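Colleague: Sharing a structure with you now.
Just so you know, all these numbers are worked out from the coordinates, no wet-lab data involved. Remember, predicted model here, so these are calculated numbers, not experimental data. All Cβ positions, even for glycine, are placed from backbone atoms using ideal geometry, and neighbour counts span all protein chains on display.
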Amino acid sequence: MFSSIKKMLNDDIQKLSDFARENKCITVIFVTRNQIAADIRTVLKCYYGCPSFGTNKMCPPYTISPERFFPILKKYKYGLLVETSASDINQAVVRIEKEAIKMGYLFAFGMRGGACPLCPSCTLPNELCCKPVEARPSMEALGIDVFKTVKNAGINKNKLASLNEDFTFFGLILID
Ligand code: SF4
């Protein structure tokens with residue numbers, strides 16, 4: 001029984017990873033929840049010093065807080081960490097999330113690094129997001145330490161430095 005569940009998971013990981021690569025992801029790494037680094041201090045960086053703070057609804061103060069997100073994160077067992085260009089990351093995360101849902105992972109949920117870039121200017125504070133299906137929250141805003149998560153996934157620091165120069169972004173699709 002256990003081995004058949006494991007085989008199913010392995011098959012699904014392979015399918016989702018292939019799908020991610022078809023959607024221009026240059027790095028695709030399956031991680032367990034323990035490898036996803038949750039650290040409430042990331043929000044300090046949002047509130048103090050980030051030019052995206054308050055400019056879009058996928059960043060603080062509009063997103064849910066880490067205090068609300070951390071108990072949600074504990075419900076997930078796995079994540080698919082992906083990396084692609086700044087222009088492709090949002091679409092890749094949303095497509096992979098949808099594919100995982102189609103495969104039966106109904107609570108699959110994608111997040112991206114950085115602020116939401118989908119509109120030339122975000123809606124006013126008292127209006128709702130105009131693209132709720134496509135917009136996904138910033139991982140940092142929810143308290144995910146992206147650098148540590150990437151390191152935990154086995155991507156080395158030297159590579160990270162060059163990634164920043166190339167303006168690639170990471171995304172994470174949570175799977176239960
Ligand atoms: S999709 Fe548009 S309205 Fe929604 S958060 Fe992003 S920029 Fe704002």
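Colleague: Looking only at L118, L128, L16, which one moves most when the chain is put into a Gaussian network model with springs between Cα atoms under 10 Å?
Modeller: Fluctuation is largest for L128.
Colleague: Could you sort out which of K98/K148; K7/K75; K98/K151; K102/K148; K77/K151 sit more than 24 Å apart by Cα distance in this structure? Intermediate values should be presented prior to the final figure.
Modeller: On the way: K98/K148 26 Å; K7/K75 22 Å; K98/K151 26 Å; K102/K148 30 Å; K77/K151 19 Å.
From the list (K98/K148; K7/K75; K98/K151; K102/K148; K77/K151), the Cα-Cα distance tops 24 Å for K98/K148; K98/K151; K102/K148.
Colleague: Quick one: net charge of A108's neighbours, Cβ under 10 Å, K/R +1, D/E -1?
Modeller: Numbers: positive: K98, K102; negative: E97, E99, D176.
It works out to a net charge of -1.
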